[in-house]
Amino acid sequence: MLFLAPDVDRALLDLKERFGPEPGWTAHTTMLIDRRENTLRALDILGGRFRRFTGRVDRVALYEFFPAKWLAEKTLAG
């Protein structure tokens with residue numbers, strides 16, 4: 001799996017704790033789930049082009065895996 005992870009601050013940790021403790025938790029956005037060789041190739045491409053950025057999350061989606069199945073999406077109050 002290839003994913004991007006944000007810098008975690010107190011506000012994000014406080015939000016996560018509202019859902020309960022989870023050992024090994026990592027805030028992330030999955031970029032790719034594929035065979036190892038494809039993931040390593042994608043890492044080379046993304047690693048060479050990725051630049052830090054600042055953004056805002058305006059909606060979240062929940063998926064079930066495997067197979068991929070969309071469960072819900074929610075626009076966040078801004």
Between the DSSP loop rule and a limit of at most 14 other Cβ atoms within 10 Å, which trypsin sites (Lys or Arg not before Pro) in the chain are left? ARG18, ARG35, ARG51, ARG52, ARG56
If you build a Gaussian network model of the chain, linking Cα atoms that sit under 10 Å apart, which residue out of PHE19, PHE53, PHE66 swings the most? PHE66
In degrees from 0 to 90, rounded to the nearest 10, what is the angle of the helix 36-49 Cα long axis to the longest principal axis of the chain? 80 degrees
Residue-span extension gain [ALA27 to LEU12] - 0.36 nm each, minus C-alpha spacing: 4.5 nm
Counting only Cα, what are the radius of gyration and maximum Cα-Cα distance Dmax of the range 1-49, in Å? 13.9, 37
Of the residues GLU37, GLU22, GLU64, which exhibits the maximal mean-square fluctuation in a Gaussian network model of the chain defined by a 10 Å Cα contact cut-off? GLU64
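Over the range 1-68, what percent of the accessible surface lies on carbon and sulfur atoms, probe 1.4 Å?
Heavy-atom surface of the range 1-68 belonging to carbon and sulfur, 1.4 Å probe: 56 percent.
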Per residue, how many Å² of accessible area does the chain show with a 1.4 Å probe? 93 Å²
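The values are calculated or read from the model by the stated rules, or taken from the named source; none is laboratory data. Since we're looking at a predicted model, the values are computed, not measured. Positions of Cβ are generated from backbone atoms using ideal geometry, with glycine treated the same way; all protein chains shown enter the neighbour counts. Quick note on the areas: whole protein, heavy atoms, side chains included, nothing else; ligands and nucleic acids left out. Shrake-Rupley method; radii C 1.70, N 1.55, O 1.52, S 1.80 Å.
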